[in-house]
């Protein structure tokens, strides 16, 4: 949780690790660093030698995957506390120093801020909220010359390069479900979902250099981009047009995935088992025995 200082002849970099929500909680309890909503006194005391900051790069991020029904409120809270509130705390605390230089605030978001799919509900909520915050902050800071919009970075699949994706087994998911959800989804589908996500983790970029390059460009370029979409060449066209597709068409595209085809069987399976239970109840079926022949 410490602050690192990295300096050269051109700039001084202040690096603060906000990835662990427990660490943030501990710091808040000890009144050392963060709850940054109330930490302006700390910022000005610790960095009173600074006349301003040219840029703040909000890169706090954790990830996990699960369908919404497999998740708890605590799962959502942990995700949002780091990915969204971590960035909000940092931005609010350092705004006066960035305003003084008419500098820049950079946010590392994700393609899941606008792209939605199975298993990424909590992560998508945190990243969509982050971009909403960045857009509102951009409008407010524009009159001060602070460029917030220049630097919303939207990485695609960098799971292998960053280890941000949480690996777990089908048993981890299965053991977390109650009996009703186990009956509805079934062990076979849970294993299919886990295999699908594991294969996704093996794909994608193996090097985080494109993200670092985008950060550097957003901070140092005289003409930074509004948003940096970081996906493969093959995926670029799809992710460019996806936000503009009608909802009915965007939803229909998911039917092309074998994963979604399997998921469509879940309601049918639920109805099937429910009908069997009803028939058994109506007929009052008992185990075979001498008196039941």
Could you please find all residues in the stretch 218-236 being within 22 Å of the chain's Cα centre (by Cα) and either more than 12 Å from residue 151 (Cα to Cα) or exposed (fewer than 14 other Cβ atoms within 10 Å of the Cβ) (or both)?
-> 226, 230, 231, 232, 235, 236
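Quick one: would you say residue 109 is modelled with pLDDT of 85 or more, surrounded by 19 or more Cβ atoms within 10 Å (Cβ to Cβ) and either in contact with a helix residue (DSSP H, G or I) (Cβ under 6 Å, 6 or more places away or on another chain) or not assigned by TED's automatic domain parsing to the domain that holds residue 220 (or both)?
Values: modelled with pLDDT of 85 or more: yes; surrounded by 19 or more Cβ atoms within 10 Å (Cβ to Cβ): yes; either in contact with a helix residue (DSSP H, G or I) (Cβ under 6 Å, 6 or more places away or on another chain) or not assigned by TED's automatic domain parsing to the domain that holds residue 220 (or both): yes.
Criteria met by residue 109.
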Going by the structure shown, is residue 117 surrounded by fewer than 20 Cβ atoms within 10 Å (Cβ to Cβ) and either touching a strand residue (DSSP E or B) at 6+ places or on another chain (Cβ under 9 Å) or touching a residue at least 24 places away in the same chain (Cβ under 8 Å) (or both)?
-> yes
Taking the residues in the stretch 76-114 that are under 12 Å from the mean Cα position of the chain (by Cα) and in contact (Cβ under 8 Å) with a residue 60 or more places away in the chain as candidates, determine which candidate is nearest to residue 134 (Cα to Cα).
-> 108
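To keep it simple, each residue is scored yes or no on (1) within 23 Å of residue 71 (Cβ to Cβ); (2) outside any helix (DSSP H, G or I); (3) without any contact (Cβ under 8 Å) to a residue 60 or more places away in the chain; (4) not assigned by TED's automatic domain parsing to the domain that holds residue 81.
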{"position": "127", "(1), (2), (3), (4)": "yes, no, yes, no"}
{"position": "143", "(1), (2), (3), (4)": "no, no, yes, no"}
{"position": "153", "(1), (2), (3), (4)": "no, yes, no, no"}
{"position": "184", "(1), (2), (3), (4)": "yes, no, no, yes"}
Is there a residue in the stretch 163-182 that is in contact with a strand residue (DSSP E or B) (Cβ under 8 Å, 6 or more places away or on another chain) and either in a helix (DSSP H, G or I) or closer than 17 Å to residue 66 by Cβ (or both)?
-> yes
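The values are calculated or read from the model by the stated rules, or taken from the named source; none is laboratory data. These figures come from a predicted structure and were not determined experimentally. Please note: Cβ atoms are built from the backbone with ideal geometry, for glycine as well, and neighbour counts cover all protein chains shown.
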